[in-house]
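The values are calculated or read from the model by the stated rules, or taken from the named source; none is laboratory data. Because the structure is predicted, anything quoted here is derived from the model rather than measured. We place every Cβ from the backbone using ideal geometry, glycine too, and count neighbours over all the protein chains shown.
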Amino acid sequence: MGYRILTPIKARLSFLLAAILLIAPGFAHAQSPSLEGNGGWIGPRGPLPPPDLTGKVVLYDFWDYTCINCIRTFPHLNALYEKYRNRGLVIVAIHAPEFSFAAQPKRVEKAIRLYGLRFPVVMDKDQKLWNRFHNHYWPADYLYDSNGHLVYHAFGEGGYDLLEDQVRLALHLSSRNGRPDDADFPETLTPELYAGTERGHLGNPSGYHPEGSALYAGDSPPPSLITLHGPWRTEADRIVSRVPQSGHSSSLTVIYQGTGVNAVLKRATGKTALPVLVIVDGRPVPERYFGRDIRPLSSRQTGILLKEARMYSLVSGEPYGEHRLDLVFPDRGEALYTLTFNP
């Protein structure tokens, strides 16, 4: 089927492809939880009325606009919705933010426009629905039949053929005769790297400095860890660049396996920041490997301009293998939350 059953140890799955949980017999008749007390229904241009779910087959999808694993599922969910919406399927995308800045409706509206979501979105800024569903992951899907019974649950990416088969069963449609097209992620793909002290691990020999702000140094960066250089302030869920000291700007290095890099970043409040420099394998990023958000800054520099708090696509489509990423923050107050890597 092209999926693996794994037991994750982190709240967000870093590179899990289609970890599937089929509903156990004793759990198969769980009723659909109430959506009361949510943070409101929104679309690409503002608030919307809630959809009518009466007698519908409903797929609840937990997501966060900073989560690359969620973002990669959107084309598949859009296609599934368009294919079966007139047959009785409703997809309800429950936006449960991992970081506090992602709870703002305007930012979620922009993400809906950016990624072209075609199905209803409900805000869950206090994670009331998250707790009501007993959810633990981004992304996660819960499929309920027209009687409100839970018939399928899956977390992580992939498994799209199996998901469609389960939707067809719930809609009382005949099974497909297609060939599964899901494929496993490479085992060597670098997992998601958290930057903050709560879930992160540094490649620096000193680790995090307990006083919060410090001048970091790290030679020979180890693979699949963030190694800091220069002045940084460390917090529970992020690291924040500081005023350059003695000619040293805040920077970091990661040795990773993958075909591209994404970063969840936030600029300093109330100011226009200098671009963050992006260097791959010791050179500016070649144009053919530009992510969605990178740009040439000069003939010798590539980088990104932070305009809002979200996930930024830095590098995309490079040959799979080991690469070195360097990010240089010439300004103060720029925050990094996570780094994720493309298979």
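Odds and ends about this structure:
- Evaluating TRP232 against the criteria (1) in contact (Cβ under 8 Å) with a residue 24 or more places away in the chain; (2) surrounded by 15 or more Cβ atoms within 10 Å (Cβ to Cβ); (3) more than 22 Å from the chain's Cα centre (by Cα) leaves one unmet condition, (1).
- Options ASP181, ASP161; residue that is over 30 Å from ASP52 (Cβ atoms), among the acidic types (Asp, Glu), at pLDDT below 95 and not assigned by TED's automatic domain parsing to the domain that holds PRO330: ASP181
- Index of the failed condition, GLN166 passing every other in (1) in contact (Cβ under 8 Å) with a residue 60 or more places away in the chain; (2) within 19 Å of ASP61 (Cβ to Cβ): (1)
- Among residues of segment 280-308, those that are out of contact with any Gly (no Cβ under 9 Å at 6 or more places or on another chain), in a strand (DSSP E or B) and either among the β-branched types (Val, Ile, Thr) or closer than 20 Å to GLU322 by Cβ (or both), counted: 3
- Number of the exception - GLU322 against (1) under 21 Å from the mean Cα position of the chain (by Cα); (2) among the acidic types (Asp, Glu); (3) part of a strand (DSSP E or B): (1)
- Hits in segment 213-258 (condition: in a loop (DSSP other than H, G, I, E, B), of a type outside the set (Gly, Ala, Ser) and closer than 15 Å to VAL328 by Cβ): PRO221, ARG242, VAL243, PRO244
- Within segment 205-222, considering residues that are in contact (Cβ under 8 Å) with a residue 24 or more places away in the chain and within 10 Å of LEU252 (Cα to Cα), the one surrounded by the fewest Cβ atoms within 10 Å (Cβ to Cβ): GLY218
- Filter pass, VAL240 being among the aliphatic types (A, V, I, L, M), touching a residue at least 24 places away in the same chain (Cβ under 8 Å), surrounded by 15 or more Cβ atoms within 10 Å (Cβ to Cβ) and more than 29 Å from THR188 (Cβ to Cβ): yes
- All told, GLY196 meets the bar of being buried (at least 18 other Cβ atoms within 10 Å of the Cβ) and farther than 16 Å from LEU325 by Cβ.
- In segment 313-333, the residues that are outside the structural domain of LEU277 (by TED's automatic domain parsing) form no Cβ pair under 7 Å with any partner that is outside any loop (DSSP other than H, G, I, E, B), whether six or more places apart or across chains.
This table checks each residue for (1) in a loop (DSSP other than H, G, I, E, B); (2) modelled with pLDDT of 95 or more.
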position	(1), (2)
ASP52	yes, no
TYR65	yes, yes
ASN69	no, no
HIS76	no, yes
ALA79	no, yes
GLU82	no, yes
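- Of all residue pairs spaced 6 or more apart or on separate chains, those with beta-carbon atoms under 7 Å, a first member in segment 128-139 that is closer than 18 Å to ALA103 by Cα and assigned by TED's automatic domain parsing to the domain that holds GLU98 and a second member that is outside any loop (DSSP other than H, G, I, E, B) and β-branched (Val, Ile, Thr) are LEU129/ILE94.
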